[in-house]
Amino acid sequence: MKAFLVERYGDKDGPRAGDVPEPKVGREDVLIRIRAASINPLDRMIRDGEMKAILPYRVPFVLGNDLAGVVVEVGAAVTRFSVGDEVYARPDKDRIGTFAELIAVRQDDVALKPGALTMEEAASLPLVALTSWQALVERAGVQPGQKVLIHAGSGGLGTIAVQLAKHLGAHVAATTSTANLDLVKSLGADVVVDYKKQAFETVLHDYDVVLDALGGETLKNSLQVLKPGGKVVSVAGPPDAAFGREIGANPVIRLVMSALSFRIRRRARRHNVTYSFLFMKASGNQLRELTHLIDTGRIRPVVDTVFPFESTREALAYVEAGRAKAGKVVVKMT
Ligand SMILES: NC(=O)c1ccc[n+]([C@@H]2O[C@H](COP(=O)([O-])OP(=O)(O)OC[C@H]3O[C@@H](n4cnc5c(N)ncnc54)[C@H](OP(=O)(O)O)[C@@H]3O)[C@@H](O)[C@H]2O)c1
């Protein structure tokens, strides 16, 4: 089958088109004919070897972390899905490879596609929607009436996180650039801060939760907008020891992670708030919860551009160059 492969870490011209054997279907797996896949910043980071300590894929491997498609075969122990089902998924981190014609995914990581969405819209959602859920529902436990700040509200993650925070009953603030102010408002943000014109930490106060997708100075300044007891959940800041434990990292790696996040954790303690790092996980159950919110119109996808599958490399380059105006970039099987 045709696929886009990382043959060498750090190959800026990758992933390269190639032919690979069709996947083997395990007892718990569904084989999915991919109709659309979406691009995530994670794809570039994997290609460039930036995630090797956490995700040690052996080259060559097929890239891609999000999909929508049709089930074409089921393993002997599969109970949830049948041939012909339209599904979407973020495959487990150890079994990526959605820039391909076919993929075998564990049934536990798959959900039926929201009925009203196109394949391209559905493919734009799993990774960012699951991240939003795991940050806001699981990790931060956002309650109605709480104040939540979402950074990068126009990004793939931000566009979904703003809508989910709003659905949870929060008062939502988001940061974005001038061109995307109206879009982010239309997604439900109560306050939108134009980061090109204003420093968010000077206008936002007493927040309960910050979802940080930028790290660096933005993460540091986010501590100031939290009230005592507040939480910053970062998907872009330094990993912490809890994350190391979660992924079963050895004690040395856990120590390194603890050291990397030492400064921000100490700073957080001084502000009487907590810092935690999140790396999202595949989950069919959570995806089903999200499907319900999509089917009932609480969450809608935001798709910037659709490229043909053959142009997967160009789609990655488009995202890497920051050319997407808002939301997600998708590749579609032709
Ligand atoms: N750890 C995890 O599990 C996990 C999961 C998902 C994502 N992530 C990470 O989260 C980050 C965002 O992901 P994404 O998919 O949303 O990326 P994306 O679609 O490329 O969006 C990034 C957005 O950041 C905005 N931005 C840039 N500088 C900003 C600033 N100073 N203040 C506010 N917004 C700013 C840009 O919007 P404007 O046009 O408005 O400037 C852009 O749309 C990436 O680093 C990704 O790797 C991590």
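The values are calculated or read from the model by the stated rules, or taken from the named source; none is laboratory data. These numbers come from a predicted model, not from an experiment. Methodologically, a virtual Cβ is constructed for each residue, glycine included, from the backbone with ideal geometry; neighbour enumeration extends over all protein chains shown.
Here are some notes:
- Checking GLU201 against (1) within 13 Å of the ligand (Cβ to nearest atom); (2) in a loop (DSSP other than H, G, I, E, B), the condition it does not meet: (2)
- Qualifying residue in region 119-140 (condition: part of a loop (DSSP other than H, G, I, E, B) and either more than 16 Å from the ligand (Cβ to nearest atom) or touching a Phe, Trp or Tyr at 6+ places or on another chain (Cβ under 6 Å) (or both)): no
- The listed residue being among the polar types (S, T, N, Q) and touching a Pro at 6+ places or on another chain (Cβ under 8 Å), out of THR178, THR98: THR98
Every residue, every condition in (1) within 25 Å of THR118 (Cβ to Cβ); (2) surrounded by 14 or more Cβ atoms within 10 Å (Cβ to Cβ); (3) not aliphatic (A, V, I, L, M), yes or no:
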site: ASP13; (1), (2), (3): no, no, yes
site: ARG16; (1), (2), (3): no, yes, yes
site: PRO23; (1), (2), (3): yes, yes, yes
site: ILE39; (1), (2), (3): yes, yes, no
site: PRO60; (1), (2), (3): no, yes, yes
site: ALA68; (1), (2), (3): yes, yes, no
site: SER82; (1), (2), (3): yes, no, yes
site: ASP85; (1), (2), (3): yes, yes, yes
site: PRO91; (1), (2), (3): yes, yes, yes
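- Residue match in region 77-85 (condition: assigned by TED's automatic domain parsing to the domain that holds PRO41 and closer than 27 Å to TYR318 by Cα): no
- Leading residue by the ranking (nearest to the chain's Cα centre (by Cα)) among those in region 156-179 that are surrounded by fewer than 24 Cβ atoms within 10 Å (Cβ to Cβ) and either within 11 Å of the ligand (Cβ to nearest atom) or farther than 20 Å from GLN286 by Cβ (or both): SER177
- Residue satisfying condition, being within 21 Å of the chain's Cα centre (by Cα) and either buried (at least 17 other Cβ atoms within 10 Å of the Cβ) or under 17 Å from PHE277 (Cβ atoms) (or both), within set ALA259, ALA236, ALA249: ALA236
- Exclusive hit being touching a strand residue (DSSP E or B) at 6+ places or on another chain (Cβ under 8 Å) and part of a helix (DSSP H, G or I), set ILE46, ILE103, ILE34: ILE46
- Qualifying residue in region 87-94 (condition: out of contact with any helix residue (DSSP H, G or I) (no Cβ under 8 Å at 6 or more places or on another chain) and of a type in the set (Asp, Glu)): yes
- Every listed requirement among (1) within 21 Å of TYR275 (Cβ to Cβ); (2) assigned to a loop (DSSP other than H, G, I, E, B); (3) away from the ligand (no atom under 13 Å from the Cβ) is met by VAL148 save one, (2).
- Residues (within 15 Å of the ligand (Cβ to nearest atom), crowded, with 19+ Cβ neighbours inside 10 Å, among the hydrophobic types (A, V, I, L, M, F, W, C) and assigned to a helix (DSSP H, G or I)) located in region 275-334: LEU287, LEU290, ALA315, LEU316, VAL319
- Residue ID - farthest from the ligand (Cβ to nearest atom), chosen from residues in region 204-220 that are surrounded by fewer than 16 Cβ atoms within 10 Å (Cβ to Cβ) and either assigned to a loop (DSSP other than H, G, I, E, B) or touching a residue at least 60 places away in the same chain (Cβ under 8 Å) (or both): ASP206
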